[in-house]
Each structure stands twice: as structure tokens, then as C-alpha cells.
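Single-structure report; data block below.
The values are calculated or read from the model by the stated rules, or taken from the named source; none is laboratory data. Note that the structure is a prediction, hence the values are computed from the model and not measured. Note that each Cβ is placed from the backbone with ideal geometry, even for glycine, and that neighbours are counted across all protein chains shown.
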Amino acid sequence: MKIHECFVENFGVLHEYRYQPEPGLSVVYNKNGTGKSTFAAFIRAMFYGMAADRTRKNLENAERRRYKPWQGGVWGGYICFSVKDKSYRLERTFGEKEREDTFRLTDLDTGLCSNDYSENIGFELFGVDKEAYSATAFVNWKYMQVQVNESMTSQLANMADFSGMEKSKRAIELLEDEYKQYVKTGNRGELAQLEKEISMLSMQEWKLKSELKEKREELENIFSEEEQNKKMDLSGLSLSEEEKERLCELDDYFAAGMPDTEQADIKSYKNDKRSLIYIAACVIVVASIILPSVVMQKSMKYVVWIIPVVVFATVMAVTLRRRRLFKAQQKEAENAREYKYLSEKEEAYEAAQKHMQELKSDHVEKMLKKESERLELQLDETNKKLVQVKERKTKIEQRALLLMQTKEYLVKARTCYTANLLDGISTAFYRYLKEFDSLLAEKVRLDADYGIELLENGIYRKLDYYSSGIKDIIWLCERMAFTEKLFADEKPLIVLDDPFVSMDSEMKRKAFGLLEGLAKDFQIVYLSCHERENV
């Protein structure tokens, strides 16, 4: 394609501006602020139109606001160009909104409207979209670095439809987005949350198991006498130490058995009878001793008082014996009563103790069983939830791994794909670099992602370490390499908006020499505020 004439009715600062570029390299010199960059934007807008402005965009990225005519009037113009053996006039006008734009293509040979191209004439002519054109043939000193997009790589592969590359890029983005839901920095992803939940449930499980073990051990020891005695209070029924000692004495005293009342009465009757017989025997004995003496001595007067004395003494002896026996019987009765009381008290204490043990054992057993059942239920629920969370975590880990592997395969496939495309780009890139400076070309390395590094002292370094002039010429060579390969069928007008502004005189001389070589195949318009002869 060759452009023969450009006319700007109104576009930004430009008003009724006419320009006829030469077939090869044309240089336009004007002062700053006279509309050089505006003219470059006009050429792009004529072939690719202008996108609708978003309210929040700054003026640099809002074309309609930026290039709206300062002086008013019709906003637009025309470009006359030829493609192969046909000539056209491309007319466009622009409005505040995209729907207000107009497009017209006229066949200059017939003067009639042509349908050879539509409003998408830029893409239809060159096979690349606006972004690809801006990254290659449209060179602005502010944006020298090449931004490779999907349409560029697809066009390099001679694909009429580059949706496959776009879809693969979108697929990678979707994979990354989903992966970030699971794995995020700062433990904010779902996997990190599941880890925390597993840790919490594991602690809860351990605590429930410990409590359940404790309750089961208490349940096993529920009938322990020592434990039960600690829990029971029978101090009012228990025997004191003195009572226990007394009971032991009485146990020994009544070892042969306790006497009953009937036997005590019979024993008393026999003792009384035995006493009477004893008195009678004593009287008879005394009489048998005394009477013969009295008879022999004929002292009857002594019989009268001796017999009563003997009888009295006997009675007194019997009485004293009976009193001793009575006291002994009383003591035995008291011991018997005391023995009975202490024995009954001990039996009552043992019965109460046994009863309380039964009551408390039954109550504690029920309580412990109920508590154990509750803990078992909670433990079962916790175990189920823990299993579910672990299964969820395992699935997510597998999913995350699958996402990463899929992404790696896609990236690898894209890298291999672009690496195959790199061969053609790198050949043209190094050729342009050699034309500029063969020594520089030997130091530059272009990788599969179209990144550029420069060898210095045995180490490859990124271009960020170098001056703007070095970077601009390397990026220009990369742009021209893409332009050469992308626009193989129909070559566009190359517009350069002062890309050599950061170069010294020697570099500019070499750079213009490079452009002159390019001008054999491309129509080039170079816009600058510096006269070339001053370079």
C-alpha cells in the first residue's frame, strides 16, 4: 500500500492540514506543539477508527477527548492511497460517541463508493488489529518497547483466525484465577482455611477422646470402696474409736454367747434355794457342835442366844453373797445392753453405708453413662466432619495440582508455539541490528518471549540497565522485524514520531541509515522537531 495524500479537516490542533508523503522516506520537521504526534494519530485513526472513551481514562488514553478539534468544525479528513492496481479515498468523520462516526470509501478510478473494504479497513488491509499496528508500524518515542499480543503471534503463524491463541490465553487466566481461590499468599486461600479447620477439629477430637477416656475410667472405678467412702458422709452413724475398742472388749466378754432373761431367773432361783440349804446346813452343823457341850455341861442358858447368833451370821453371809451376785448380774445386764446397742449401731452404719453405696453407685453410673454417650456422639460428629474436611482438602489439592499442571502444559505449548515463530522474527531482528551496529548485534539475545538482554562482561543483563538511546534502537529493530513479518502481503505506512530523540549524533546517523534501507520496502514518515542536517 502507498499513501499519496493526507488531508486533515479538523483533528486536535490540526486544521485544514494537507500532506503528500514521498514514496520512500519522508521527514516532517516542525516545532513542538505544532501537531506532529496528532498527525500520526490521525493516520492511525483513519485506518482503525477510534474506540469509545471511558469516563475514568486519562487524556493520554482517551483519544476522542484528546483529539477533539480545538477550533470546532468537521472532525476528520481523508487519505488517498493505492493498493495493487486500485486507488481509493478513505473518508472518516468522528463524533463524541462511536455511533456518531462516519465511514466512506471511494474508488478514485470510477468516483463511486467502493465496498472493497469496510470500517475495519485497517485489519482487512494488513491482517492485524489496532494494537498490533500500534506495537509495530506506529512508532511513538514514548512507547518504543514492543508489546507482543495474541493477534501478532497468530498472524505470524499465518492464521486467519487467531481466536485459538486468545482462547488459550483466556484459559490460562481462568486456570490462574481458580488456582488463586485455593492457594493465596498470606494463608488466605481455601486450602489454608481448610488447614486451620482440620487443626481445630483435630484438637477438638483429641479433647473429646481425653474426656471420654476419663469418664470411662471413672465408670470402671465406680464401685471402688475407697472412692465411694470419699464421696459418702455417714459420720453420724459411724462408731468412734472408743466405741470400737469397747465393742471389741464386749465381743470377747460375750464370746460364749449372750444370756437370756429366762436363764437369768432360773439361775437366781437356784441361787436362793442353794442359799436356804446353805443356812439350814449351817444351823445343823452349829447345833451338832454346841448342843452336846451344853447337854454335858448342863448349860441350857447358852442355847437360847447361840442359835440365833449362828442363824443371824448365816443369814448375813447369805445376804452379802446374794448382793454380790446381784451386782454381778446387774453389770452383766448393762454389758449386754451396751453390747446390743453398739452391735446394732454398727449394723445400722454398715446397712446405711451399703445403701448409700448402692444409691450413689447407681446415680454416678447413670450420670457417667449419660456423659459418655454425649461425648461419644460429639466425637462421632467431629470425626465425620474431620473426614469430610480432609476429603475436601484432598480434592482441592488434587484440583489445584491439576490446574497448575494444565497451566504449565498450556504455557509450555504456547512457548513452543511462539518459539517456532521466533525464528523468523530473530532473523530479521539480528539483520537490522547488524545494519545498525554489528558489534551491538553480537551482544544482544532475544528469548522465546521476545524479551531482550544485552551481554556485558560475560553476563546477560536486562535492557533496564542501559541508556535510553541503546534501548530505543534495539526496540526499533525489534519493531521493524515484527513489521516485516506481520505485513508480508500488504505493507502499511510506517509512522515514526521522533523515536531518535534520546540518541546521540552518531547513533542518529546510523539509525537514519537503517531507515533508508527500510524505505526500499516500506513507505516511511518520520516526524521530528530536529532538522536532519543538524544531526
Which one is modelled with the lowest pLDDT, of the residues in the stretch 492-535 that are of a type in the set (K, R) and touching a Lys or Arg at 6+ places or on another chain (Cβ under 9 Å)? R532
The stretch 109-131 residues that are basic (K, R), paired with ones that are surrounded by 12 or more Cβ atoms within 10 Å (Cβ to Cβ) and part of a loop (DSSP other than H, G, I, E, B) (beta carbon under 9 Å, 6 or more apart): K130/G49; K130/A51
Which of the residues belonging to the stretch 65-95 are of a type in the set (A, V, I, L, M) and within 19 Å of Y19 (Cβ to Cβ)? V74, I79, L90
Reported set for the stretch 361-416 where residues are in contact (Cβ under 8 Å) with a residue 60 or more places away in the chain, more than 30 Å from E150 (Cα to Cα) and polar (S, T, N, Q) is S361, S372, Q378, T382, N383
If a residue counts only when it is within 25 Å of D497 (Cα to Cα), which strands (runs of 3 or more DSSP E) contained entirely in the stretch 61-179 have at least 2 such residues? 76-83, 86-93, 138-140
Note: among E131, E119, E176, just one is acidic (D, E) and more than 28 Å from A40 (Cα to Cα), namely E176
Among the listed residues K36, K84, K97, identify the single one that is closer than 22 Å to Y143 by Cβ, modelled with pLDDT under 90 and of a type outside the set (S, T, Y). K36
Every residue in the stretch 425-484 that is part of a helix (DSSP H, G or I), exposed (fewer than 15 other Cβ atoms within 10 Å of the Cβ) and hydrophobic (A, V, I, L, M, F, W, C), please. L439
Meets criteria (under 18 Å from K508 (Cβ atoms) and at pLDDT 90 or above) for K471: yes
Identify the single condition in (1) of a type in the set (S, T, N, Q); (2) outside the structural domain of D497 (by TED's automatic domain parsing); (3) in contact (Cβ under 8 Å) with a residue 24 or more places away in the chain that S151 does not satisfy, given that it satisfies every other one. (3)
Has the stretch 229-242 got at least one residue that is acidic (D, E), at pLDDT 75 or above, exposed (fewer than 15 other Cβ atoms within 10 Å of the Cβ) and over 23 Å from T382 (Cα atoms)? yes
Just one of K412, K407, K390 is surrounded by 12 or more Cβ atoms within 10 Å (Cβ to Cβ) and more than 30 Å from M203 (Cβ to Cβ); which is it? K407
Output the qualifying pairs, or none if there are none: Cβ atoms under 7 angstrom, residues six or more apart or on different chains, first residue in the stretch 6-29 and β-branched (V, I, T), second residue surrounded by fewer than 17 Cβ atoms within 10 Å (Cβ to Cβ). V13/W70; V27/R532
Looking at (1) crowded, with 18+ Cβ neighbours inside 10 Å; (2) part of a helix (DSSP H, G or I), can you tell me which one M503 breaks? (2)
